[in-house]
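Engineer: A single structure is presented below for examination.
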Amino acid sequence: MKKNVIGLLVLGLALVSPVFAAPKGKAPKMNAGRPVVIDYQGQATGSEIPAWVQAVTEGSQRKVRKSLDIDADDAIFVLSNKGNDLDFLKTWTDQVDVRAEVASSIEQTVGQTVVAELDAKQTDKQTKERAAKLYSSSMANLTLNGLTKEAYYWIKTRTLKPGVRKAKKESDYTDEYTYYVVYSIKKGLYNLQMKKAIDDVEDNDDQTVFLKSVLTEKLTQTILMPEATKVDFGDSDLEIIED
């Protein structure tokens, strides 16, 4: 099954299923292009939207750590799937091997880093393509051990379709669920596995062997976070944490 990743990046799923109407009550004020939260996990029981979910939409991994009380030395991975079938999203995200998802994101990061580094050195195209393939493929079968599932949550948003200024009917909106999952891993364990994966790459080319140290440093500093997506939480109850 093909896995699409977040750059690091966002995981998205294009899913086909019936679109559900927003909950009854005061209609949210819509801004063109800005998703507005119309439903969320625990809304029926009066629960607040966790601060870490808000932090993900802001792209703040520091706030994610603080909200979930994750040690500053641990590596974190935030996966995000989108679609309009919530049950499918949950099944996909919870049952798919997260280690494969993380490995896929690492593979993409490695490929992008290799190309950027060799572009800066004006390396010839053939060498660049060989190195990108060599290092990226080495990550394809990476098995990352030690991941811990910290939290999961879903929200449902409504967005005006492009070109619509004022909605007159349900079809003027796009309704979509977003399902978030946070994993962590002890930093030392993560760094050890990243270093071993890079060291195992058989690269004897004098022009590209420097990539091993560059990639090792890059991967031990990178945290997987979805791209920040501005979301209007409207009148939703929000958990507040101090910065």
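Engineer: Could you list, in sequence order, all residues of the stretch 174-202 that are of a type in the set (A, V, I, L, M) and closer than 16 Å to L89 by Cβ?
Structural biologist: Of everything in the stretch 174-202, those that are of a type in the set (A, V, I, L, M) and closer than 16 Å to L89 by Cβ turn out to be V181, V182.
Engineer: Sticking with this one: Sort through V214, V201, V209 and tell me the only one that's open to solvent by 60 Å² or more (accessible area, probe 1.4 Å) and closer than 25 Å to Q122 by Cα.
Structural biologist: V209
Engineer: Right, next: Suppose we keep only residues that are open to solvent by 50 Å² or more (accessible area, probe 1.4 Å) and in contact (Cβ under 8 Å) with a residue 24 or more places away in the chain within the stretch 217-228. Which one would you say is farthest from the chain's Cα centre (by Cα)?
Structural biologist: K218
Engineer: A follow-up question, please. Output the residues belonging to the stretch 81-105 that are within 27 Å of I198 (Cβ to Cβ) and open to solvent by less than 10 Å² (accessible area, probe 1.4 Å). Break it down into steps so the answer makes sense when it comes.
Structural biologist: At the first step, the residues of the stretch 81-105 found to be within 27 Å of I198 (Cβ to Cβ) are 96-105.
Residues satisfying the conditions are E101, V102, A103, S105.
Engineer: If the Cβ limit is 7 Å and pairs must be 6+ apart or interchain, which residue in the stretch 83-105 that is without any contact (Cβ under 8 Å) to a residue 60 or more places away in the chain pairs with which residue that is of a type in the set (V, I, T)?
Structural biologist: Correct list of pairs: R99/T143.
Engineer: Follow-up question, since we're still on this one. Does D71 fit the bill of being surrounded by fewer than 14 Cβ atoms within 10 Å (Cβ to Cβ) and either over 17 Å from the mean Cα position of the chain (by Cα) or assigned to a helix (DSSP H, G or I) (or both)?
Structural biologist: Judged against the criteria, D71 is a match.
Engineer: Among the polar types (S, T, N, Q), open to solvent by 30 Å² or more (accessible area, probe 1.4 Å) and within 23 Å of the chain's Cα centre (by Cα): which single residue out of T178, T174 fits that description? Walk me through it before giving the result.
Structural biologist: On the way: T178 fails: open to solvent by 30 Å² or more (accessible area, probe 1.4 Å).
The conditions single out T174.
Engineer: Need the failing condition index for V78 against (1) within 25 Å of T143 (Cα to Cα); (2) assigned to a helix (DSSP H, G or I), just the number.
Structural biologist: Answer for V78: the failing condition is (2).
Engineer: Please work out which one of (1) within 24 Å of the chain's Cα centre (by Cα); (2) open to solvent by 50 Å² or more (accessible area, probe 1.4 Å) is the condition N191 fails and give its number.
Structural biologist: Exception for N191: condition (2).
Engineer: Which numbered condition trips up K196, out of (1) surrounded by fewer than 19 Cβ atoms within 10 Å (Cβ to Cβ); (2) in contact with a helix residue (DSSP H, G or I) (Cβ under 9 Å, 6 or more places away or on another chain); (3) charged (D, E, K, R); (4) farther than 30 Å from I49 by Cα?
Structural biologist: That leaves (2) as the condition not met.
Engineer: Hey, another quick one. All but one of (1) modelled with pLDDT of 90 or more; (2) of a type in the set (G, A, S); (3) part of a loop (DSSP other than H, G, I, E, B); (4) open to solvent by 80 Å² or more (accessible area, probe 1.4 Å) hold for A44; state the number of the condition that does not hold.
Structural biologist: (3)
Engineer: D235 - would you say it is open to solvent by 80 Å² or more (accessible area, probe 1.4 Å) and within 29 Å of E107 (Cβ to Cβ)?
Structural biologist: Answer is no for this residue.
Engineer: If a residue must be outside any helix (DSSP H, G or I) and either touching a Phe, Trp or Tyr at 6+ places or on another chain (Cβ under 8 Å) or modelled with pLDDT of 90 or more (or both), how many such residues does the stretch 210-224 contain?
Structural biologist: Residues in the stretch 210-224 being outside any helix (DSSP H, G or I) and either touching a Phe, Trp or Tyr at 6+ places or on another chain (Cβ under 8 Å) or modelled with pLDDT of 90 or more (or both): 3 in total.
The values are calculated or read from the model by the stated rules, or taken from the named source; none is laboratory data. None of the values given here were measured: they were computed from a predicted structure. Heads up, the Cβs are rebuilt from the backbone with ideal geometry, glycines too, and the neighbour counts pull from every protein chain shown. Only protein heavy atoms, including side chains, enter the accessible area calculation; ligands, DNA and RNA are left aside. Shrake-Rupley method; radii C 1.70, N 1.55, O 1.52, S 1.80 Å.
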